[in-house]
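Right, one structure below, let's go through it.
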Amino acid sequence: MVAVLAVVALGAAGCGGGDDAAASTAGASGSGPSGTLTVFAAASLTDVFTDLGQQLEGDHDGLTVQFNFAGSSALATQLTQGAPADVFASANGTQMSVVTGTDLADGDPTVFTSNVLRIAVPAGNPAGVTGLADFARDELALAVCAPEVPCGAAGEDVFAAAGVTPRPDTQEEDVRAALTKVELGEVDAALVYATDVAAAGDRVEGISFPEAEGVVNDYPLCTLAAAPNPEAARAFVDLVLSEEGQQALEDAGFRAP
Amino acid sequence: MRRARTPAPLLVPAALAVVFLVLPLAGLLIRTPWSQLGTLLTAPGVGQALRLSLVSATLATAVSVVLGVPLAWVLARSRARGRAVLRALVTVPLVLPPVVGGVALFLVLGRQGIVGSWLAETTGITIPFTTTAVVIAETFVAMPFLVISVEGALRAADVRYEDAAATLGADRWTTFRRVTLPLVAPGVAAGSVLCWARALGEFGATITFAGNFPGTTQTMPLAVYLALQRDPQAAIVLSLVLLVVSVATLLLLRDRWLGRGAAA
């Protein structure tokens with residue numbers, strides 16, 4: 001019965017959206033999805049998805065959730081090169097379209113959350129950074145993301161909107177690397193996501209700035225057509241889209257889509 | 001050396017090893033977008049990254065030779081106690097994930113680091129995110145290759161030559177310069193090549209400790225990694241460039257330098 005429901009949910013919803021049919025399968029412990037679920041997710045989702053994955057494992061005996069957290073573009077490359085995965089959650093639409101463009105996605109992706117940029121500074125803000133304009137100060141040690149990765153592309157947009165020419169010392173390969181440099185106190189400021197500031201705890205302070213509102217990063221996710229474990233994939237997507245999942249995302253600094 | 005026919009039991013594994021090592025390179029060549037080669041190669045930043053890679057790898061090798069050859073001598077010849085521990089310690093960078101090495105360098109040489117904070121206070125110099133940091137990161141990762149090679153050469157060298165030199169009145173420094181060093185020259189050359197190649201390909205410690213900025217710290221491996229994020233075709237071309245330049249350099253050196261050494 002549960003299996004039938006799950007199959008119906010899969011057929012009806014695909015990647016399309018939150019369906020309450022499959023959500024009902026999530027309640028029954030010891031039945032439904034089992035085996036291994038592989039989720040490829042953007043680095044910024046590390047904490048929330050790890051928690052949600054543990055929750056899903058707790059709900060279903062015999063289910064193991066494994067994650068591959070990395071920059072969305074690296075994940076998209078791995079997927080187009082045939083890496084086996086059940087779910088892909090990207091930090092922007094561009095990298096999702098790399099995957100949908102090669103017919104690897106099962107149906108259309110769903111935007112499940114969004115994120116804005118924020119300035120991260122070491123605790124106490126030793127350099128007295130107040131806004132985006134400080135990124136033009138040559139005497140500061142500054143980190144941004146490389147333009148090749150989503151947070152870097154978003155950064156270029158906010159700098160353009162603010163009319164600031166940034167003078168970074170390093171263009172980091174992903175947003176967590178930029179944050180690490182703030183945590184180590186090696187840079188005075190880095191442009192990261194609001195969620196990264198929330199995740200970093202006491203060692204990092206966040207400074208919001210008005211231009212961030214103009215560049216909201218949408219996060220789409222989808223199940224993959226070649227998913228080895230489509231049932232578990234569906235359950236995970238439903239958990240992310242459920243009220244519970246959305247609350248967890250909000251607690252981590254994400255915004256409703 | 002007498003050339004022998006390869007024993008049959010060695011033939012199959014040797015052939016498998018060749019296939020295993022060469023096939024990925026063949027894959028690169030096959031997938032190279034030859035028609036776009038010109039545009040991709042002249043893209044801004046490629047020459048810059050290549051130049052930076054060659055300069056920093058060469059400097060890292062130079063530093064490794066100056067510091068690593070004496071260290072190899074200590075490991076191979078000195079009678080100091082604790083050499084086994086010392087050897088294990090200096091080869092740590094071989095097993096340490098390079099990214100961890102990069103973080104470790106931060107903790108020592110970063111502006112909040114043990115030595116780095118003192119340096120920043122007294123001289124105003126900060127090392128991270130500079131070309132110096134690239135050379136330091138590469139040296140940290142690559143020097144053990146040279147030390148191990150040279151130590152091996154020193155152990156294999158016949159100490160009777162050195163004894164003879166000493167008997168004839170040469171002091172220890174002269175013996176080292178005039179006898180030991182020429183004796184192990186092929187080992188130093190081979191170690192330098194290994195060290196240079198490792199430094200040229202270094203990624204993890206560099207991107208962590210030196211960051212990534214075109215012109216100052218973006219070496220070819222970093223450029224390849226970032227190109228892969230946006231344009232895999234460009235990444236393949238960049239890898240190919242790095243490959244061709246490194247192989248060409250090694251062949252050239254082999255003729256001029258290693259060839260003589262190996263014949264000796």
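The values are calculated or read from the model by the stated rules, or taken from the named source; none is laboratory data. Everything numeric here is computed off the predicted structure, so don't read it as measured data. Note: ideal-geometry Cβ built from the backbone for every residue, glycine included; neighbour counts use all protein chains shown.
So B:T206 fits all but one of (1) modelled with pLDDT under 95; (2) within 14 Å of chain A (Cβ to nearest Cβ); what number is the exception?
(1)
Would you point out which residue out of A:F40, A:F88, A:F69 is under 23 Å from A:Q246 (Cα atoms), crowded, with 17+ Cβ neighbours inside 10 Å and in contact (Cβ under 8 Å) with a residue 60 or more places away in the chain? Steps first, answer last, please.
Numbers: A:F40 fails: in contact (Cβ under 8 Å) with a residue 60 or more places away in the chain; A:F69 fails: in contact (Cβ under 8 Å) with a residue 60 or more places away in the chain.
Step by step, each of A:F40, A:F88, A:F69 is checked, and only A:F88 is under 23 Å from A:Q246 (Cα atoms), crowded, with 17+ Cβ neighbours inside 10 Å and in contact (Cβ under 8 Å) with a residue 60 or more places away in the chain.
Has segment B:193-200 got at least one residue that is closer than 30 Å to A:L142 by Cβ and modelled with pLDDT of 90 or more?
Scanning segment B:193-200, I find at least one residue that is closer than 30 Å to A:L142 by Cβ and modelled with pLDDT of 90 or more, so the answer is yes.
Might you check whether a residue that is more than 13 Å from chain A (Cβ to nearest Cβ), in a helix (DSSP H, G or I), under 16 Å from the mean Cα position of the chain (by Cα) and closer than 30 Å to B:F213 by Cβ occurs anywhere in segment B:70-92?
Checking segment B:70-92: at least one residue is more than 13 Å from chain A (Cβ to nearest Cβ), in a helix (DSSP H, G or I), under 16 Å from the mean Cα position of the chain (by Cα) and closer than 30 Å to B:F213 by Cβ.
Restricting the search to segment B:212-264, which residues are within 14 Å of chain A (Cβ to nearest Cβ) and at pLDDT below 80?
Answer for segment B:212-264, where residues must be within 14 Å of chain A (Cβ to nearest Cβ) and at pLDDT below 80: B:Q229, B:R230.
Does segment A:208-243 hold any residues that are surrounded by fewer than 17 Cβ atoms within 10 Å (Cβ to Cβ) and more than 17 Å from the chain's Cα centre (by Cα), and which are they?
A:S208, A:P210, A:E213, A:G214, A:A225, A:A226, A:P228, A:E243
In segment A:149-176, how many residues are free of Cβ contacts under 8 Å to residues at least 24 places away in the same chain and either within 9 Å of chain B (Cβ to nearest Cβ) or part of a helix (DSSP H, G or I) (or both)? Steps first, please.
Just the residues of segment A:149-176 that are free of Cβ contacts under 8 Å to residues at least 24 places away in the same chain, to begin with: A:152, A:156, A:160, A:163.
Subsequent filtering for residues that are either within 9 Å of chain B (Cβ to nearest Cβ) or part of a helix (DSSP H, G or I) (or both) retains A:152, A:156, A:160.
Going through segment A:149-176 one residue at a time, the tally reaches 3.
Considering only segment A:16-27, I want to know if a residue exists there that is modelled with pLDDT under 80, of a type in the set (D, E) and either touching a helix residue (DSSP H, G or I) at 6+ places or on another chain (Cβ under 6 Å) or closer than 17 Å to A:A85 by Cα (or both). Walk me through it before giving the result.
Restricting attention to segment A:16-27, the residues satisfying the condition of being modelled with pLDDT under 80 are A:16-27.
Now drop any that are not of a type in the set (D, E), which leaves A:19-20.
Subsequent filtering for residues that are either touching a helix residue (DSSP H, G or I) at 6+ places or on another chain (Cβ under 6 Å) or closer than 17 Å to A:A85 by Cα (or both) retains A:19.
Yes, segment A:16-27 has at least one match.
Does segment A:245-257 include one or more residues that are more than 21 Å from the chain's Cα centre (by Cα), more than 20 Å from B:G102 (Cβ to Cβ) and not assigned by TED's automatic domain parsing to the domain that holds A:T50? Walk me through it before giving the result.
The first filter runs over segment A:245-257 and keeps only residues more than 21 Å from the chain's Cα centre (by Cα), leaving none.
The answer is no, given that none of the residues of segment A:245-257 is more than 21 Å from the chain's Cα centre (by Cα), more than 20 Å from B:G102 (Cβ to Cβ) and not assigned by TED's automatic domain parsing to the domain that holds A:T50.
Could we say that B:G102 is of a type outside the set (D, E), in a helix (DSSP H, G or I) and within 14 Å of chain A (Cβ to nearest Cβ) here? If you could, list the steps in order and put the result at the bottom.
Working: of a type outside the set (D, E): yes; in a helix (DSSP H, G or I): yes; within 14 Å of chain A (Cβ to nearest Cβ): yes.
When the stated conditions are applied, B:G102 passes them.
Scan segment B:10-34 and report the pairs whose first residue is surrounded by 10 or more Cβ atoms within 10 Å (Cβ to Cβ) and whose second residue is not in a helix (DSSP H, G or I), with Cβ atoms within less than 8 Å and a gap of 6+ or a chain change.
These pairs meet every condition: B:A14/B:T6.
Going by what's in this entry, would A:D134 be described as farther than 23 Å from A:F254 by Cβ, within 14 Å of another protein chain (Cβ to nearest Cβ) and not in a strand (DSSP E or B)?
Details: farther than 23 Å from A:F254 by Cβ: yes; within 14 Å of another protein chain (Cβ to nearest Cβ): no; not in a strand (DSSP E or B): yes.
Considered against the rule, which asks whether it is farther than 23 Å from A:F254 by Cβ, within 14 Å of another protein chain (Cβ to nearest Cβ) and not in a strand (DSSP E or B), A:D134 comes out as no.
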